[in-house]
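Asker: Below is one structure. I have some questions about it.
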Amino acid sequence: MKQYDNVTIFDHPLISHKVAILRDEKTSMKEFRELVEEITTLMTFEALRCGVPTEERQVKTPLEVCTQTVVKDNAIVIVPILRAGLGMVNGIHTLFPSARVGHIGMCRNEETLEPEEYYCKLPPHIEDKLVMVIDPMLATGGSACDAIKRLKERGCRHIKFMAIIGAPEGVTRVAEAHPDVHIYVSTLDRCLNDKGYILPGLGDAGDRLFGTK
Ligand code: PRP
Ligand code: URA
């Protein structure tokens, strides 16, 4: 795959270890859910190294007053792409418990593989925030591209997209369609199969999170 300035592929042994368990078909729904959250927290830690709105705050320690950089209140909005993105929300809330959550419902048409939007509810003043769009799977990239387009139509200018597993096709599509959006993918997989599933992948993330078929 071509290299893009707006794409970060994590090559971290701790994340890789957890992704190995996530992929395993024998991993239970409970463990799958916990792993999705843990991986999301690890990714968020790195993804927010830059681009997060900060300010200087005075803190009085037992010894003296110092100035410390803090994340601005209310600076981040989490936008999961339904359904599977829901599984990642707590992973960010662990770090930013007060972050508001907007929801965008997208379902891939199984024949065309194109996403169809069925729901959109976003918090007020989202245009000023750092918006973290999350979905465990970046396959053809259609869902991510449309969700980001929708957010831009609402005036959002600071968007990051995070997926646990990406296919080269999807990463390329989003990186080229939205060069101003930084894309974080924990693991880059080989390709898509003829049904649009990521190989080797982990199967259907929504089904594995919620116990559906
Ligand atoms: C899955 C996944 C992504 C999308 C990725 O959702 O969670 O949203 O497919 O595929 P794409 O990159 O080709 O658009 P799905 O449409 O299966 O809905 P679900 O989360 O409700 O299962
Ligand atoms: N959505 C999934 O849940 N898994 C894939 O492999 C592709 C899209």
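Asker: Looking at segment 182-191, is at least one residue out of contact with any helix residue (DSSP H, G or I) (no Cβ under 6 Å at 6 or more places or on another chain) and more than 14 Å from ligand 2 (Cβ to nearest atom)?
Answerer: Yes: one or more hits.
Asker: Considering only residues that are in contact with a Ser or Thr (Cβ under 8 Å, 6 or more places away or on another chain) and near ligand 1 (Cβ under 10 Å from one of its atoms), which ones fall in segment 166-189?
Answerer: Matches in segment 166-189: Gly166, Ala167, Glu169, Gly170, Arg173.
Asker: Condition (residue is closer than 16 Å to Leu202 by Cβ, modelled with pLDDT of 95 or more and within 16 Å of ligand 2 (Cβ to nearest atom)) applied to segment 39-47: is it met by at least one residue?
Answerer: There is at least one residue in segment 39-47 that is closer than 16 Å to Leu202 by Cβ, modelled with pLDDT of 95 or more and within 16 Å of ligand 2 (Cβ to nearest atom).
Asker: Hey, does segment 120-141 have a residue that's in contact (Cβ under 8 Å) with a residue 12 or more places away in the chain, touching an Asp or Glu at 6+ places or on another chain (Cβ under 7 Å) and either within 24 Å of Leu22 (Cβ to Cβ) or not in a loop (DSSP other than H, G, I, E, B) (or both)?
Answerer: Within segment 120-141, one or more residues are in contact (Cβ under 8 Å) with a residue 12 or more places away in the chain, touching an Asp or Glu at 6+ places or on another chain (Cβ under 7 Å) and either within 24 Å of Leu22 (Cβ to Cβ) or not in a loop (DSSP other than H, G, I, E, B) (or both).
Asker: A follow-up question, please. Residue check: is Glu111 more than 9 Å from ligand 2 (Cβ to nearest atom), without any contact (Cβ under 8 Å) to a residue 60 or more places away in the chain and in a helix (DSSP H, G or I)?
Answerer: No: the conditions fail for Glu111.
Asker: Please count how many residues of segment 131-170 are of a type in the set (A, V, I, L, M) and more than 13 Å from ligand 2 (Cβ to nearest atom).
Answerer: Qualifying residue count, segment 131-170: 9.
Asker: Pick out the one residue from Ile39, Ile9 that is open to solvent by 20 Å² or more (accessible area, probe 1.4 Å) and either of a type in the set (A, V, I, L, M) or more than 18 Å from the chain's Cα centre (by Cα) (or both).
Answerer: Ile9
Asker: Next question. Residue by residue through segment 190-208, note down the ones that are away from ligand 1 (no atom under 12 Å from the Cβ) and open to solvent by less than 70 Å² (accessible area, probe 1.4 Å).
Answerer: Across segment 190-208, the qualifying residues are Cys191, Leu199.
Asker: Considering segment 55-100 alone, what residues qualify as being open to solvent by 90 Å² or more (accessible area, probe 1.4 Å) and free of Cβ contacts under 8 Å to residues at least 12 places away in the same chain?
Answerer: Scanning segment 55-100 gives Gln58, Lys60, Pro62, Leu63, Glu64, Pro97.
Asker: Here is a further query. Which residue, of Leu151, Leu130, is out of contact with any Pro (no Cβ under 7 Å at 6 or more places or on another chain), among the aliphatic types (A, V, I, L, M) and more than 10 Å from ligand 1 (Cβ to nearest atom)?
Answerer: On inspection, the qualifying residue turns out to be Leu151.
Asker: State which residue is farthest from Thr44 (Cα to Cα) when the search covers only segment 65-89 and only residues that are assigned to a loop (DSSP other than H, G, I, E, B) and within 16 Å of ligand 2 (Cβ to nearest atom).
Answerer: Ranking the candidates gives Arg83 first.
Asker: Next question. If you go through segment 194-205, how many residues are more than 6 Å from ligand 2 (Cβ to nearest atom) and on the phi < 0 side of the Ramachandran plot?
Answerer: 5
The values are calculated or read from the model by the stated rules, or taken from the named source; none is laboratory data. If you're wondering where the values come from, they're calculated on a predicted model, not measured in any experiment. Ideal geometry is used to build each Cβ from the backbone, glycine not excepted, and the neighbour counts take in all protein chains shown. Ligands, DNA and RNA are excluded from the accessible area calculation, which covers all protein heavy atoms including side chains. Shrake-Rupley method; radii C 1.70, N 1.55, O 1.52, S 1.80 Å.
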